[in-house]
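This report concerns only the one structure given below.
The values are calculated or read from the model by the stated rules, or taken from the named source; none is laboratory data. Here the structure is a predicted model, which is why all the values come from computation and not from measurement. For neighbour counting, all protein chains shown are included, and Cβ atoms are generated from backbone atoms with ideal geometry for every residue, glycine included.
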Amino acid sequence: MVFLGLSFVAQINYDSWRRYSPPKLLGVDYNVYIEPQPLSPSLAKAVSFGSTEFLADYYWLTLIQYYGGGTPYGKYRKLAELFSLVTDLSPKFQQAYQTGLIILPGEGFPDQAITLGEKGKKNLPDSWEMPYYTGLVHHIYKKDYVSAAKEFQIAATKKDAPPITQYFAGIYYKEADQRQLAYQIFKTVHDTTKDDFVRERSGKQMVHLEMTFFLEDAVAKYHQRFGRYPSILQELVFKQIIKEVPISPLGINFVIDPQNGKVSESRK
Amino acid sequence: MLVIRNLTKQFYQRNEEITVVDNLSLTVKKGQVFGLIGPNGAGKTTTVKLISGLLFPGKGKITIGGFPAGSLEAKRKIGFMNENPQFYYHLKAREVLEFVADLFEIEKAVATKKIDVLLKEVGLKEAKELAVRKFSKGMHQRLAFAVAQINNPELLILDEPLDGLDPLGRLDFKQMILKLKKSGATIFFSTHILSDVEEICDEVAILHKGKIIAQGSPKDLVKSSKQSLEELFVRSIRNA
Amino acid sequence: MRKVLWAITLNTFRETLRDKLLYSLVGFAVLVIAASLLAGSVSLGQDARVIQDFSLTAMLVFLLIITYFIGTQLVFKEVERKTIYLVLSKPVSRETFYLGKFLGLCLTILVAGLIMAVMFVIVLFAKTHSVPTAAYFAAGAVILEAWLLTAVSLLFSSFTSPLSSAIYTFGVTLIGHGSATVWLLSQKASPVIRGILEGVYYLFPNLEKFNLRNDVVFNLTPSASQVGLILLYFASYTVFLLILGVAVFRKDEF
């Protein structure tokens, strides 16, 4: 039996060696051998003798080896399934959720990442990281700013959330053109945060938005008087509706869309 | 000392009921040496096991010193040596005897002395610290004989004690049994070797297919039939 | 009686010690614990988790192997080697003999378990410089679980062959760990099936009660009442098994 054990350890080392050695040594197809075949969660639990955390660890290690080993299929086909299995076996394995939320979208599985994030939020209700990371996926990969903002708002309510979390919620609402909401958020943050940097930034965002609202009011007045929208903001000054175009404390220029009169930030 | 009344034992083999011991009755008086002889398969070992409580009677009664066979009190009174005795491989001779002494709850000091005496008696003094797995067959039997006496039993039960021994061993054993007989022990043993029986026993019974077909002292049996014991034995078996 | 019981217990214990199988098992378990060190280092910082989970599960697996292979043969070997005649012809009650065999193997499991646990603690401490208290509780519970299953294997071996006993005991282990699933299934089923499944749930040992291994990672120590409940369940179920086993064994003839 000792020899059985030695052969087991030798097998682990051999597998690692095969995974990390360059493919051209043994031909392109060798990775087929290593693509993991995870069990279904219920089957895995049944054979685990109750050691679900142990199996989670086993699949976690498998996942790491899998991800680190490269893939000839161009896509890590089993990645989402593995993350799902690991978190089914160990629902409170925070590191697994976080890693999944970071890796999966980049490998082409943003929806699975969000599903994982939802699971993480459910199983780790006190964690700020879960909604935070999920929000990032919404923002970066799905360009869904409203959902991102919502996630960040949730994250901000959790204990130990970084002070800037609530601020980010405001940013996302602004990106989503939910400016009133963003303004409220920035105001709340400015009034309540203990972090100086965050308060300062929020204050600036508030002023910026106030200026935006001010400009939009002016545009409405112009439209009322002249039946069309100004082609540039300077026209508001020319027509004496406002004294000057305000300069945003964020250092961003305001522009107007002559078609619909919408005031937004210039993207240089 | 040992009283058996209407003892019957049946076994089930392949849905058939086989009667191994059939309505057996005998009495062994205190100080007697009783020999149970019979061909292989006659039921000798079964009878011996029934007396020592390893098997339970189907019908009938066995009492030892008044206590039913198989009870703890009865087992305290007997010393048992089974056919082809085996011991725990991991023990030495001395340890085997110490283990058995513990089973009888004999005090350590008393046991130690007795063990030395017994090992000397059975000729295993040099093998005291030897591991049992290195023993020869003859040594096994000698050790078993020592084990049977550790509690100074009132009744010694021996199943084929001389089986497989070389002539020297057989001589030693017979002398040991005679010595015990002189000191007043009661001995019950089974065998299929007749010459032993003639030399040692006060009384014998011939067992065939679970039934006793002849019983009496060897001298009487030989006298009444005017044959040697062996001839009597063979004829009884053939006629039964 | 106690002296006799102890004599048989000690003899059984020493007999299993000389069994080479035991040494290889302990050695193998030690190996796995060392291997978990290796696995821990490639787990992206999850060393503590991996070492704890691997070691405790290995401990359970190997103690159970001892139970399946040695426990089911305890009585069988005695009969096969005829050493049982040596003992049962002496003033030893069947109960004492049966109990002595059980306690002897429990002693063996305790010793093996302690060796494995010590190795586990040393390895864990060397890597992470802290050992959660939950780990001690989990290790203790593993030993209790092995003891309970020893009683199960002894029960089976008193009326069936060693191989069958090993298979049945393994089956009991699987069902015992799946009892939560059985309960859930029963709640959804029709009344007749529900009755059967609930019966199964209560009859088979609920081994998940002894599963404190999953809490070690989060260092959740069991409350005093939980510990009490575990001990009570263990004691009552094991005694039940022993009584059953003795009842069968009493009728056995040799």
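Here are a few things to note about the model shown:
- Residue that is farthest from the other protein chains (Cβ to nearest Cβ) [pool: residues in the stretch B:88-99 that are under 19 Å from B:G123 (Cα atoms) and either in a loop (DSSP other than H, G, I, E, B) or within 22 Å of the chain's Cα centre (by Cα) (or both)]: B:A93
- Within the stretch B:103-156, tally of residues that are among the hydroxyl-bearing types (S, T, Y) and part of a helix (DSSP H, G or I): 1
- Qualifying residue in the stretch C:36-52 (condition: closer than 30 Å to C:I243 by Cβ, modelled with pLDDT under 90 and not in a helix (DSSP H, G or I)): no
- When A:E200, A:E210, A:E235, A:E216 are checked against the criterion of being more than 34 Å from the chain's Cα centre (by Cα) and more than 27 Å from A:K142 (Cβ to Cβ), a single residue qualifies: A:E235.
- Among the numbered conditions (1) surrounded by 16 or more Cβ atoms within 10 Å (Cβ to Cβ); (2) among the acidic types (D, E); (3) out of contact with any Pro (no Cβ under 7 Å at 6 or more places or on another chain), the only one that B:E198 does not meet is (3).
- Single residue of C:L60, C:L5, C:L22 found to be at pLDDT 80 or above and more than 9 Å from every other protein chain (Cβ to nearest Cβ): C:L5
- Qualifying residue in the stretch C:70-93 (condition: in contact with a Gly (Cβ under 7 Å, 6 or more places away or on another chain), more than 14 Å from chain B (Cβ to nearest Cβ) and not hydrophobic (A, V, I, L, M, F, W, C)): no
- Meets criteria (in a loop (DSSP other than H, G, I, E, B), at pLDDT 80 or above and away from every other protein chain (no Cβ under 12 Å)) for C:T221: yes
- As a summary of the residue check, A:E244 satisfies the conditions (1) surrounded by 13 or more Cβ atoms within 10 Å (Cβ to Cβ); (2) in contact with a helix residue (DSSP H, G or I) (Cβ under 7 Å, 6 or more places away or on another chain); (3) outside any helix (DSSP H, G or I) except for the one numbered (1).
- Qualifying residue in the stretch C:234-249 (condition: more than 30 Å from C:F97 (Cα to Cα) and either surrounded by 15 or more Cβ atoms within 10 Å (Cβ to Cβ) or of a type in the set (D, E, K, R) (or both)): no
- Set C:V182, C:V118: member being assigned to a helix (DSSP H, G or I) and either crowded, with 16+ Cβ neighbours inside 10 Å or under 15 Å from the mean Cα position of the chain (by Cα) (or both): C:V182
- C:V131 fulfils the conditions (1) in contact (Cβ under 8 Å) with a residue 12 or more places away in the chain; (2) more than 14 Å from every other protein chain (Cβ to nearest Cβ); (3) not small (G, A, S) except for a single criterion, (1).
- Residue satisfying all of: in the stretch C:200-218; farther than 12 Å from C:F137 by Cβ and of a type in the set (A, V, I, L, M); farthest from the other protein chains (Cβ to nearest Cβ) among these: C:L203
- Comparison of C:V227, C:V246, C:V239 shows that the only residue that is in a helix (DSSP H, G or I), in contact with a helix residue (DSSP H, G or I) (Cβ under 6 Å, 6 or more places away or on another chain), among the aliphatic types (A, V, I, L, M) and closer than 30 Å to C:G100 by Cα is C:V246.
- Sole residue being aliphatic (A, V, I, L, M) and out of contact with any Gly (no Cβ under 6 Å at 6 or more places or on another chain), chosen from A:A182, A:A156, A:A148: A:A156
- Complete set of residues in the stretch B:48-78 that are buried (at least 22 other Cβ atoms within 10 Å of the Cβ), out of contact with any Lys or Arg (no Cβ under 8 Å at 6 or more places or on another chain) and facing chain C (nearest Cβ under 9 Å): B:K49, B:A74, B:I78
- Top-ranked residue in the stretch B:6-46 [being within 14 Å of chain C (Cβ to nearest Cβ) and either touching a residue at least 24 places away in the same chain (Cβ under 8 Å) or among the small types (G, A, S) (or both); ranked as farthest from B:G184 (Cα to Cα)]: B:Q10
- Test: residue in the stretch A:45-53 that is among the aromatic types (F, W, Y), within 11 Å of chain C (Cβ to nearest Cβ) and in contact with a helix residue (DSSP H, G or I) (Cβ under 9 Å, 6 or more places away or on another chain): yes
- Filtered residues of the stretch B:178-201 (kept if of a type in the set (A, V, I, L, M, F, W, C) and in contact with a Leu (Cβ under 8 Å, 6 or more places away or on another chain)): B:L180, B:A185, B:I187, B:F188, B:F189, B:I193, B:L194, B:V197, B:I200
- For the stretch B:92-110, filtered to residues that are within 21 Å of B:L54 (Cβ to Cβ) and of a type outside the set (V, I, T), the residue that is surrounded by the fewest Cβ atoms within 10 Å (Cβ to Cβ) is B:E105.
- When C:L44 is tested against (1) free of Cβ contacts under 8 Å to residues at least 60 places away in the same chain; (2) buried (at least 23 other Cβ atoms within 10 Å of the Cβ); (3) more than 30 Å from B:V96 (Cβ to Cβ), just one condition goes unmet, and that condition is (2).
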